[in-house]
Ligand code: FES
């Protein structure tokens, strides 16, 4: 049995230590807000926070996050920056199909937590690992600036 702290709550899961965190979230805990895209750490759809840092859940063995603070899209609005980012996303109507947006928001929140006034270059750099097939990149950048106001 593995004990994790997810969104401030203790969770116990019976999985192999090398199971990707993404499968623990989605299959063991039915927390399906975190999405599966590529499964290879390339698209960013599965981004969660571990101790406040953006991490690809698909390529993170669950044993690596024992004793660490895991935050998912389900709870990111419980933090001030997360709430502001989600409001900006809604205000600027960022989402098109929506599939990648959990990961986009998690990366944006991590950026704005570390950098309250990011430049376009800072945003592009921080968000480069989050792909969007609908190409909402311009609205994502605008929403990050909106959230930084
Ligand atoms: Fe994890 Fe693509 S599903 S990076």
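Quick notes on this structure:
- Between 0 and 90 degrees, the angle of helix 101-114 with respect to the longest Cα principal axis of the chain falls at about 80 degrees.
- q = 0.22 Å⁻¹, the chain: log10 I(q)/I(0) [Debye, one scatterer per Cα]: -1.39
- Between 33, 78, 129, the GNM of the chain built on Cα springs shorter than 10 angstrom shows 78 fluctuating the most.
- The modelled label-to-label distance between residue 77 and residue 51, using points 7 Å beyond Cα along the C-beta direction, is 2.9 nm.
- Crossing angle, helix 80-91 versus the chain [Cα axis fit, 0-90 degrees, rounded to tens]: 50
- Cβ-based exposure ranking for 25, 4, in which fewest neighbours within 10 Å come first: 4, 25
- Put the Cα centre of the range 4-60 next to the Cα centre of the range 125-142 and the gap is 21 Å.
- Computed from Cα positions, the angle between helix 137-147 and the longest principal axis of the chain comes to roughly 90 degrees.
- Residue-averaged 222 nm ellipticity for the chain, from DSSP H runs of 4+ at -39500 (n - 2.57), nearest 500: -9000 deg cm²/dmol
- The convex hull of the Cα atoms of the range 2-71, projected and averaged over all directions, covers 3.9 nm².
Rule-based calculations on the coordinates, nothing more; no lab input. Values in this document were obtained by computation on a predicted structure and should not be read as measured data. With ideal geometry, Cβ positions are generated from the backbone for all residues, glycine too; neighbour counts draw on all protein chains shown.
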